[in-house]
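Trainee: Here it is: the structure, laid out below.
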Amino acid sequence: MYALILGKNPELGKAEFLSFSRRFGIGVIVKEEGKNWLLFEARGSVERYFRWLGGSLKLVRVIGEGEEAIKDLEYSKLFTVSLYGRDDWRLWRKLGSKIKREFKAEGPAKFFKPAKVYAMPAELILKGFPEVKDFVFLFRGDGSFLVGETVKVTDPFELKKLDVERPVQRPILSIPPRLARIMVNLTEVRRGSFLDPFCGIGTVLQEFVLQGLNAYGSDRDEKRVKEAKRNLAWLRREFRLKNSAHLEVCDARKLKRCFRQRFDAIVTEPYLGKPLRRNPDRGEAIKLANELDRFYYSVFESFSDVLKRNAKVVFVFPAYRLSDGRIYRKERKWPGKLGFEVLGRYLDYEERHRLIRDIHVLRYRG
């Protein structure tokens, strides 16, 4: 039995994990859910593929339930205690002291204080994970809890490297590497040809190449294509990769002129409009969305020229935080008229954002 600790967007993280489990044939069965964790059984090797998750923090092997399970934890000279579902330093100290007493017969042990009542992956890596252990307590609403040990963590240093160490960066306009990884998983496509027709400096393409996929990209701006090529050349050197991506200067509304083959998946964040200087009201947001949709409609017409039947599309539409604090998400019927079925929609944003990513997962019925 395992538990997954979700990241800052639990809804999107859960959707990604379920898609990820189908993509890699892991056969996940969710048994229980907390606010930021999932308890599940898996038939396949979730530990083997965990590194390809973008929206989760930790993978925990569950040992048992209640304080009795503490005696089954494996000894470690240095460890920490992570609590999920409770924010209580006194409880954190109590559980850590109890683990120390259990370990006393095997040798001295001490536990360190994380930044919060749970240790983040960066803290664990810096402390020496996996030799330094992270013992996890998952609390339910009724006060009962599960006990486990973290066996895998995401590597925030790798994601940071993919973002800030590449030669060309566009901090405000570029999609985060974390989100690119999530979007690739949302396709559920394990093998095949992947296209990003708004590739920009190549963030999504980086993820295609890292995962050994047949990677294709295009952008109508020749400068962006040259920058993507520079970043991909850096990626190949830094990660010692043999594969790369095929790139074209191409208008996303005319893809069949640039690509003769058909693709298994398109993953992309298109042009989302000019940066907003203030939060729009509802009328302004509707106008902004409608203007962009005229462009997106022709883009999706072009998608139908280069996609295989039942291919997947993960596409970011704009949503808006309004001046009254609400969020405007446009309901779109036109993708269905072009043969695209919407399978899921997920928001990704921070409270300070005026422009919000409304991620759509679609299937092209052909």
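The values are calculated or read from the model by the stated rules, or taken from the named source; none is laboratory data. All of these numbers come straight from a predicted model, not from anything done at the bench. So basically every Cβ, Gly included, is an ideal-geometry build from the backbone, and we count neighbours across all protein chains shown. SASA here: full protein model, heavy atoms, side chains in, ligands and nucleic acids out. Shrake-Rupley method; radii C 1.70, N 1.55, O 1.52, S 1.80 Å.
Trainee: Those residues that are closer than 14 Å to Phe135 by Cα and not in a strand (DSSP E or B), I need them from the stretch 46-67; list them, please.
Mentor: Gly66, Glu67
Trainee: Same structure, new question: May I ask you to list the residues in the stretch 149-176 that are of a type outside the set (D, E, K, R), more than 13 Å from Ala228 (Cβ to Cβ) and either touching a residue at least 60 places away in the same chain (Cβ under 8 Å) or touching a Pro at 6+ places or on another chain (Cβ under 7 Å) (or both)?
Mentor: Within the stretch 149-176, Thr150, Val151, Val153, Thr154, Pro156, Leu159, Leu162, Ile172 qualify.
Trainee: Further question on the same structure: Please specify each residue of the stretch 329-346 satisfying the condition of being part of a helix (DSSP H, G or I) and of a type in the set (Lys, Arg).
Mentor: Filtering the stretch 329-346 for residues part of a helix (DSSP H, G or I) gives 334-337.
If the condition is that a residue be part of a helix (DSSP H, G or I) and of a type in the set (Lys, Arg), then Lys337 is the only one that fits.
Trainee: Does Val81 count as in a loop (DSSP other than H, G, I, E, B), open to solvent by less than 10 Å² (accessible area, probe 1.4 Å), in contact with a Leu (Cβ under 9 Å, 6 or more places away or on another chain) and under 23 Å from Asn9 (Cα atoms)? Steps first, please.
Mentor: On the way: in a loop (DSSP other than H, G, I, E, B): no; open to solvent by less than 10 Å² (accessible area, probe 1.4 Å): yes; in contact with a Leu (Cβ under 9 Å, 6 or more places away or on another chain): yes; under 23 Å from Asn9 (Cα atoms): yes.
Considered against the rule, which asks whether it is in a loop (DSSP other than H, G, I, E, B), open to solvent by less than 10 Å² (accessible area, probe 1.4 Å), in contact with a Leu (Cβ under 9 Å, 6 or more places away or on another chain) and under 23 Å from Asn9 (Cα atoms), Val81 comes out as no.
Trainee: So, one more: Out of the stretch 141-160, which residues are in a loop (DSSP other than H, G, I, E, B) and buried (at least 18 other Cβ atoms within 10 Å of the Cβ)?
Mentor: Step one: filter the stretch 141-160 for residues in a loop (DSSP other than H, G, I, E, B), giving 141-144, 154-155.
The answer is Thr154, and nothing else.
Trainee: Regarding Lys254, is this residue at pLDDT 95 or above and more than 23 Å from Tyr346 (Cα to Cα)? Walk me through how you get there before you give the answer.
Mentor: On the way: at pLDDT 95 or above: yes; more than 23 Å from Tyr346 (Cα to Cα): yes.
Considered against the rule, which asks whether it is at pLDDT 95 or above and more than 23 Å from Tyr346 (Cα to Cα), Lys254 comes out as yes.
Trainee: Only one of Lys113, Lys71, Lys35 is part of a helix (DSSP H, G or I) and modelled with pLDDT under 95; which? Walk me through it before giving the result.
Mentor: Working: Lys113 fails: part of a helix (DSSP H, G or I); Lys35 fails: part of a helix (DSSP H, G or I).
Lys71 is the lone residue from the list that is part of a helix (DSSP H, G or I) and modelled with pLDDT under 95.
Trainee: Since Lys330 meets every condition but one in (1) in contact with a Lys or Arg (Cβ under 8 Å, 6 or more places away or on another chain); (2) modelled with pLDDT of 95 or more; (3) open to solvent by 10 Å² or more (accessible area, probe 1.4 Å), which condition does it not meet?
Mentor: Of everything listed in (1) in contact with a Lys or Arg (Cβ under 8 Å, 6 or more places away or on another chain); (2) modelled with pLDDT of 95 or more; (3) open to solvent by 10 Å² or more (accessible area, probe 1.4 Å), Lys330 misses just condition (1).
Trainee: Test of understanding: among Val316, Val299, Val342, Val306, which residue is open to solvent by 10 Å² or more (accessible area, probe 1.4 Å), at pLDDT 95 or above and β-branched (Val, Ile, Thr)?
Mentor: Working: Val316 fails: open to solvent by 10 Å² or more (accessible area, probe 1.4 Å); Val299 fails: open to solvent by 10 Å² or more (accessible area, probe 1.4 Å); Val306 fails: open to solvent by 10 Å² or more (accessible area, probe 1.4 Å).
Every option except Val342 fails the conditions.
Trainee: Being small (Gly, Ala, Ser) and open to solvent by 60 Å² or more (accessible area, probe 1.4 Å) is the filter here; which residues of the stretch 113-140 pass it?
Mentor: From the stretch 113-140, those small (Gly, Ala, Ser) are 115, 119, 122, 128; that's our starting set.
Once the filter is applied, which keeps residues that are small (Gly, Ala, Ser) and open to solvent by 60 Å² or more (accessible area, probe 1.4 Å), the stretch 113-140 yields only Ala115.
Trainee: A follow-up question, please. List the number of the failed condition for Arg237; all other conditions in (1) within 18 Å of Asp264 (Cβ to Cβ); (2) assigned to a helix (DSSP H, G or I) hold.
Mentor: (1)
Trainee: For the stretch 21-33, indicate whether the set of residues that are in contact (Cβ under 8 Å) with a residue 40 or more places away in the chain, under 20 Å from Val184 (Cα atoms) and open to solvent by less than 50 Å² (accessible area, probe 1.4 Å) is non-empty.
Mentor: Yes, the stretch 21-33 contains at least one residue that is in contact (Cβ under 8 Å) with a residue 40 or more places away in the chain, under 20 Å from Val184 (Cα atoms) and open to solvent by less than 50 Å² (accessible area, probe 1.4 Å).
Trainee: Also, I was wondering about something else. Looking at the stretch 92-112, which of the residues that are over 17 Å from Glu149 (Cβ atoms) and without any contact (Cβ under 8 Å) to a residue 24 or more places away in the chain is surrounded by the fewest Cβ atoms within 10 Å (Cβ to Cβ)?
Mentor: The extreme case among them is Ala105.
Trainee: Please verify whether the stretch 242-250 includes one or more residues that are over 17 Å from Tyr364 (Cβ atoms), open to solvent by 40 Å² or more (accessible area, probe 1.4 Å) and among the hydroxyl-bearing types (Ser, Thr, Tyr).
Mentor: Applying the first criterion (over 17 Å from Tyr364 (Cβ atoms)) to the stretch 242-250 yields 242-250.
Checking the rest, the ones that are also open to solvent by 40 Å² or more (accessible area, probe 1.4 Å) come to 242-244, 246, 248-249.
Then drop every residue that is not among the hydroxyl-bearing types (Ser, Thr, Tyr), which leaves 244.
Yes, some residue in the stretch 242-250 is over 17 Å from Tyr364 (Cβ atoms), open to solvent by 40 Å² or more (accessible area, probe 1.4 Å) and among the hydroxyl-bearing types (Ser, Thr, Tyr).
Trainee: Restricting attention to the stretch 271-296, and to residues there that are part of a loop (DSSP other than H, G, I, E, B) and aliphatic (A, V, I, L, M), which single residue is nearest to Arg357 (Cα to Cα)?
Mentor: Taking the stretch 271-296 first, the residues part of a loop (DSSP other than H, G, I, E, B) are 271-281.
Now restrict to residues that are aliphatic (A, V, I, L, M): 272, 276.
On the way: Leu272: 9, Leu276: 14 Å.
The residue in question is Leu272.
Trainee: Right, something else. Taking interchain pairs and intrachain pairs at least six residues apart, which have beta carbon atoms under 7 angstrom, with the first residue in the stretch 352-366 and assigned to a loop (DSSP other than H, G, I, E, B) and open to solvent by 60 Å² or more (accessible area, probe 1.4 Å) and the second among the hydrophobic types (A, V, I, L, M, F, W, C) and modelled with pLDDT under 95?
Mentor: If the second residue must be among the hydrophobic types (A, V, I, L, M, F, W, C) and modelled with pLDDT under 95, the pairs left are Arg354/Leu276.
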